[in-house]
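In what follows, a single structure is set out as structure tokens and then discussed.
The values are calculated or read from the model by the stated rules, or taken from the named source; none is laboratory data. The model shown is predicted, which means the values in this text are computed figures rather than measured ones. Note that we place each Cβ from the backbone using ideal geometry, even for glycine, and neighbour counts take in every protein chain shown. Calculation scope for accessible area: heavy atoms of the full protein, side chains included, ligands and nucleic acids excluded. Shrake-Rupley method; radii C 1.70, N 1.55, O 1.52, S 1.80 Å.
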Amino acid sequence: MKDCDTIITFTVYGAVQSKANSRKLVLNRKTRKPMFIKSKSALQFEKDFSIQCPNLKEKIIPKSEDVAVEVKVWYPSWRNDLDCSLVFDGLQSRIIENDRQIKRMHLYHMGVDKKNPRCEVKVARISG
């Protein structure tokens, strides 16, 4: 990532879930209206991410600064779509204030690792 100052690099172990494909349609018990909720696997990934992502509250990047994010993903199978939106959501409030600060995304499907699915995340401040 040229013209960027790397702030942090870390690895999250576990299968990255797709935000769009992990929604489940349910009926609200009180209103009986349909609504979408996150699947158990998406909720588990969010939990794994929050435990493994460093919390940089003292060094959080303010909203006024733009960032570039590079994510390399190893999935447990070839069935997964490359979707890192839950990773971006997880970065919010731990490293960046808002995921709208992400102005560059470099996403890579690195292959399949059945025994060790993971994602490597690099966050960099865009210079200039």
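The table below lists the values:
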read-out: Using a Förster distance of 41 Å, the FRET efficiency for residue 126-residue 33 (Cβ separation, nearest 0.05); value: 0.45
read-out: Per-residue ³J(HN,Hα) for the stretch 14-19, Karplus 6.51 cos²θ - 1.76 cosθ + 1.60, θ = phi - 60°, Hz, x for Gly and Pro; value: x, 7, 5, 9, 7, 5
read-out: Accessible surface, 1.4 Å probe, highest first, among residues 75, 13; value: 13, 75
read-out: Enclosed volume per residue, in Å³, of the convex hull spanned by Cα atoms of the chain; value: 123 Å³
read-out: Label point 7 Å beyond Cα of residue 64 along Cβ direction - residues of the stretch 77-114 with amide nitrogen under 15 Å; value: 97
read-out: Alpha-carbon spread of the stretch 67-128, three principal axes, descending order, Å; value: 38, 21, 17
read-out: Ranked packing of 42-48, 104-110, most packed first, by mean Cβ within 10 Å; value: 42-48, 104-110
read-out: Between 0 and 90°, nearest 10: helix 40-52 axis offset from the chain longest Cα axis; value: 30 degrees
read-out: Residue-averaged [θ]222 nm for the chain, counting only DSSP H segments that reach four residues, each worth -39500 (n - 2.57); value: -4500 deg cm²/dmol
read-out: For the stretch 6-53: rounded, prolate or oblate by the Cα gyration tensor [a/c cutoff 1.5]; value: prolate
read-out: Rel. contact order, % - alpha carbon contacts under 8 angstrom, at least six apart, the chain; value: 41 percent
